[in-house]
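Please read the structure below before turning to the comments.
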Amino acid sequence: MLNLVLFGPPGAGKGTQSQKLIDQYQLIHLSTGDLLRSEIAQGTSLGMEAKKLMDQGVLVPDEVVIGMISNKLDANKDAKGFIFDGFPRTVAQAEALDHLLDTKKSAISAMIALEVNDDELERRLLLRGKDSGRPDDANPEVIRKRIMEYNNKTAPVANFYKTQNKFYSIAGIGAIDEIFASLCSVINQL
Ligand code: AMP
């Protein structure tokens, strides 16, 4: 199985590149942000609780996202592999993911980070906020909070995969197809 963690701050281009990767490698895309937004759209109680936190730009509790990922892994038993997008976002989530995959006799193949500086991220997110309809993209204060959450809680997840020799990093600035080509060259060497 090819199990990839696409890593990077909000606005790094994880969603865009995931779409291209699922076509190229026939993987299932698991984005916890998308799963949470779908719960919100359906008006579930989980969605309503999560929305309060998402609107502030802070992370939802680990148990919530781990539960959602566990359900999706169970529902896609025959998958060739997965792209994890926006997950794991804490070290506790990374540990839980290793455990979940272990019970399925599988493992993470690689974490690939898209490197983009903070100024470019803020610019991209504000631009995206104009037409994405995402309230958390439209407010500069919420954007800064999300980047802070990333630096405090999510950035350490890179070390978790570095110690397993599974960490790779590529430049996330440039043409979409160039970035995609860099991603593919990492994946094709795995
Ligand atoms: P995203 O679409 O990945 O930018 O996520 C949007 C928001 O959903 C984040 O700011 C968090 O509030 C929440 N969220 C998404 N994925 C996670 C996760 N793995 N852990 C905690 N919160 C998450």
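A short reminder: the numbers here are calculations on the coordinates, not readings from a lab. Values in this document were obtained by computation on a predicted structure and should not be read as measured data. As a convention, Cβ positions derive from the backbone with ideal geometry for all residues, glycine included, and neighbour counts pool all protein chains shown.
Observations
- Cα-only Debye scattering, region 1-83: base-10 log of I(q)/I(0) at q = 0.12, 0.16, 0.18, 0.20 Å⁻¹: -0.39, -0.69, -0.86, -1.02
- Each label point was placed 7 Å from the Cα along the Cα-to-Cβ direction; for M48 and K80 their separation is 4.2 nm.
- Around the amide H of F7, modelled in the peptide plane, lie the amide H atoms of I112, A113, L114, all under 5 Å away and 5 or more residues distant in sequence or on another chain.
- For the chain, calculated [θ]222 nm from helices alone, where every DSSP H run of n ≥ 4 adds -39500 (n - 2.57): -17500 deg cm²/dmol
- The stretch between L127 and S169, if pulled fully straight at 0.36 nm per residue, gains 12.6 nm over its current Cα-Cα span.
- The overall shape of region 140-185, judged from the alpha-carbon gyration tensor, is oblate: a/c is not under 1.5, and a/b is no greater than b/c.
- Base-10 log of normalised Debye intensity for the chain (one unit scatterer per alpha-carbon) at q = 0.13, 0.16 Å⁻¹: -0.66, -1.05
- The residue among T103, L35, Y168 whose Cα reaches farthest toward the positive pole of the charge dipole of region 2-184, with charges on the beta-carbon of Lys, Arg, Asp and Glu, is T103.
- Local net charge near S182, Cβ-Cβ under 15 Å (Lys/Arg +1, Asp/Glu -1): -1
- Contour minus Cα-Cα distance for M148 and M1 (0.36 nm per residue): 49.6 nm
- Phi to ³J(HN,Hα) by Karplus 6.51 cos²θ - 1.76 cosθ + 1.60 over region 26-43, Hz, x for Gly, Pro: 6, 9, 8, 8, 10, 10, 5, x, 5, 5, 5, 5, 6, 4, 5, 4, 7, x
- Point-charge dipole on Cβ atoms (K/R +1, D/E -1) for the chain, about Cα centre, debye to 20: 160 debye
- Distance (nanometres) between label positions extended 7 Å along Cα→Cβ at D62 and D118: 2.6 nm
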